[in-house]
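The values are calculated or read from the model by the stated rules, or taken from the named source; none is laboratory data. On a predicted model such as this, the values are computed, not experimentally measured, just so you know. All Cβ positions, glycine included, derive from the backbone under ideal geometry; neighbour counts span all protein chains shown. All accessible areas refer to the heavy atoms of the entire protein, side chains included, with ligands and DNA or RNA removed. Shrake-Rupley method; radii C 1.70, N 1.55, O 1.52, S 1.80 Å.
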Amino acid sequence: MSVSRPRVLPLLSAWLLATLLASPALAAESRSRILATSAATTLEGSAGGGIVPMAVLPGYGAREEQGGSAFVSYVHLPDYDLAVAGVNWSWRNRVAISLAEQRLSHQPLSERLDVEPTSIRQTVAEAKVRLAGDLIYTDWPQVSVGVQYKKNHDFFVPQAAGAQDDSGYDLYLSATRLILAGLFERNLLLNANIRYTKANQVGLVGFGGDLNDSHEWVGELSAGLFLNQHWLIGAEYRQKPDNLSFIPESDWYTAFVAWFPSKRWSLVGAYVDLGEVATFDNQRGAYVSLQGSF
Amino acid sequence: MKRLTQGVVAVLALGLVACTSLPGGEDSLYQRLGGEAGIEGIVYELLVEIANDERIVERFRELNIARFQQGLETYLCSVTGGPCQYTGDSMRIVHSGHNFTDSEFNALVENLITAMNRRDVDTGTQNRLLAILARDYKDVVYL
């Protein structure tokens, strides 16, 4: 029986976004990094795309500044819905912290398993450090390391599926480069990560399993092309562990369009293919994410 | 794992295409910027942007603006394949001792983009100029 906890983070994100909407003049516009270099925010609260983080830090603060953002995201799939809200903050384009709360609704799974809970909530806290390089201005990529601590708050269903732990951590190393006029005179964004993880479905189905209960390295890639200063199209790939014999786990893919009308706002829409998710195959659907920077 | 390999190949292929399509192309960037008049217009708009930008305007108070304006025009002309020879001090010498910051460099780039937008410079031309100027980062900041 899951106990209802006060949902502080979604409220905080909503309040921040509303404040951003209402304020006439805004700090984000006086921060110095170039439009869209804040990136969007992933489902785990990290600066990046939709499912794959990047080496960039959130907000628009350059190396003498700070900044951050708040976001809400929603994924609609045939048999699942995922809602995420969170905040992040970066200091001197060197370190960043983020917090995200995820809520997975899984009514069809509950019916299939004949269990009562119909949703799983998870909190993800992340710290990211830029180790070297600049996204644009150095000859080598910007390289960052991130660590994510994840706590699954509704472990009943994950445990029934064979997950070993209700919390865990991911470690990842990310390299990102924006090549100006890189392709067809458009700015080309390239990103590659390696991640050390034992999370099942990013932790929503717990950590570790009967097939494998130790961390392993997985790869993540994303690439995008800026059509102009405001529009980015691209795709992502995220390799996943496969720890549970009861529910095979697929790698994830997205194809996205991101719109950065100003430093204050960004909106991302994506087609997502999450493959087989906890006994339901062909989980292809839509992703939308709204981000406000401050 | 097979799909990961495909992904890696795709990204590498993108990188390869990217390297072969770098600036240095057919029509000179100088012409696409509108030649002498085009560059003068961009530099003028840039100065207007700087004058209204409290993040960096103080840095320009001590400068001889007319000299800066002319030096920048010549520099842009020379790096974009125009008929000019920039004979001033190197970027590193010009900027050393001022300890210009990463924030200030970014602010200047942002102002340049705004200036080019004001002058209706198309995206591809903007990107090619920025790609050239971005290389100067190491000769501008924290010196």
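Report the rotationally averaged projected area of region A:102-206 based on its alpha-carbon convex hull, in square nanometres.
8.6 nm²
Given the -39500 (n - 2.57) contribution per DSSP H run of 4+ residues, what per-residue ellipticity at 222 nm results for chain A, rounded to the nearest 500 deg cm²/dmol?
One gets -2500 deg cm²/dmol as the mean residue ellipticity at 222 nm.
Would you tally the net charge around A:LYS150, using a Cβ to Cβ cut-off of less than 12 Å, leaving A:LYS150 out, and scoring K and R as +1, D and E as -1?
Spelling it out: positives minus negatives among the neighbours equals -3.
Anything losing 20 Å² or more of accessible area from the isolated chain to the full protein assembly: pick those residues out of region A:145-193, probe 1.4 Å, ligands and DNA/RNA ignored.
Those are A:ILE179, A:LEU180, A:ALA181, A:GLY182, A:LEU183, A:GLU185, A:ARG186, A:ASN187, A:LEU188, A:LEU190, which lose 20 Å² or more relative to the chain on its own.
What full-extension length gain, to one decimal in nm, is calculated for A:ARG284 and A:ARG112 as 0.36 nm per residue of separation minus the Cα-Cα distance?
That pair, A:ARG284 and A:ARG112, stretches by 60.0 nm at full extension.
Under a point-charge model restricted to the Cβ atoms of Lys and Arg (+1) and Asp and Glu (-1), what is the dipole moment magnitude of the protein assembly as shown relative to its Cα centre, in debye to the nearest 20?
So the magnitude is around 500 debye.
So if I place +1 on the C-beta of Lys and Arg and -1 on the C-beta of Asp and Glu, and nothing else carries charge, what would the dipole magnitude of region B:30-139 be about its Cα centre? I want it in debye, nearest 20.
Value, rounded to 20: 260 debye.
Kirkwood hydrodynamic radius (Cα pairs, Å) of the protein assembly as shown?
23.0 Å
Against the longest principal axis of chain A, how steep is helix A:8-22, in degrees 0 to 90 to the nearest 10, with axes from Cα atoms?
Its long axis makes an angle of about 30 degrees.
Which of A:LEU17, A:SER174, A:TRP217 sits farthest toward the positive end of the charge dipole of chain A, with +1 on the Cβ of Lys and Arg and -1 on the Cβ of Asp and Glu?
Among A:LEU17, A:SER174, A:TRP217, the one farthest towards the positive end of the dipole of chain A is A:LEU17.
With N residues in region B:30-139, what two-decimal value do you get for its Cα radius of gyration over 2.2 N^0.38 Å?
Computed over Cα atoms of region B:30-139, the ratio equals 1.01.
What net charge is computed for the residues neighbouring A:ALA36, neighbours being all others with C-beta under 13 Å from the C-beta of A:ALA36, Lys and Arg scored +1, Asp and Glu -1?
+4
Just how much of A:HIS153 is accessible, in Å², when a 1.4 Å probe is used and the result is rounded to the nearest 10?
Here the accessible area works out near 50 Å².
Among A:ILE136, A:THR279, A:VAL202, pick out the residue whose Cα is farthest towards the positive end of the charge dipole of chain A, where Lys and Arg carry +1 and Asp and Glu carry -1 on C-beta, about the Cα centre.
Value: A:ILE136.
With the dipole of region A:98-251 worked out from charges on the C-beta (+1 for Lys and Arg, -1 for Asp and Glu) around the Cα centre, which of A:LEU189, A:GLY162, A:GLN107 lies farthest toward the positive end?
Checked the options; the winner is A:LEU189.
If the label point is 7 Å along Cα→Cβ of B:LEU143, which residues in region B:76-117 have backbone nitrogen under 14 Å from it?
Within reach of a label on B:LEU143, which here means backbone N under 14 Å from a point 7 Å along Cα→Cβ, region B:76-117 contributes B:88-102, B:105.
Please provide three numbers in whole Å: the alpha-carbon extents of region A:1-100 along the principal axes, with the largest listed first.
Computed over the Cα atoms, the extents are 48, 29, 22 Å.
Per residue, how much accessible surface does region A:8-293 expose to a 1.4 Å probe? Answer in Å², no decimals.
Using a 1.4 Å probe on heavy atoms only, each residue of region A:8-293 averages 36 Å².
Over both sides of the A-B contact, add up the buried accessible area with a 1.4 Å probe and give it to the nearest 100 Å².
Buried surface at the A/B interface: approximately 2900 Å².
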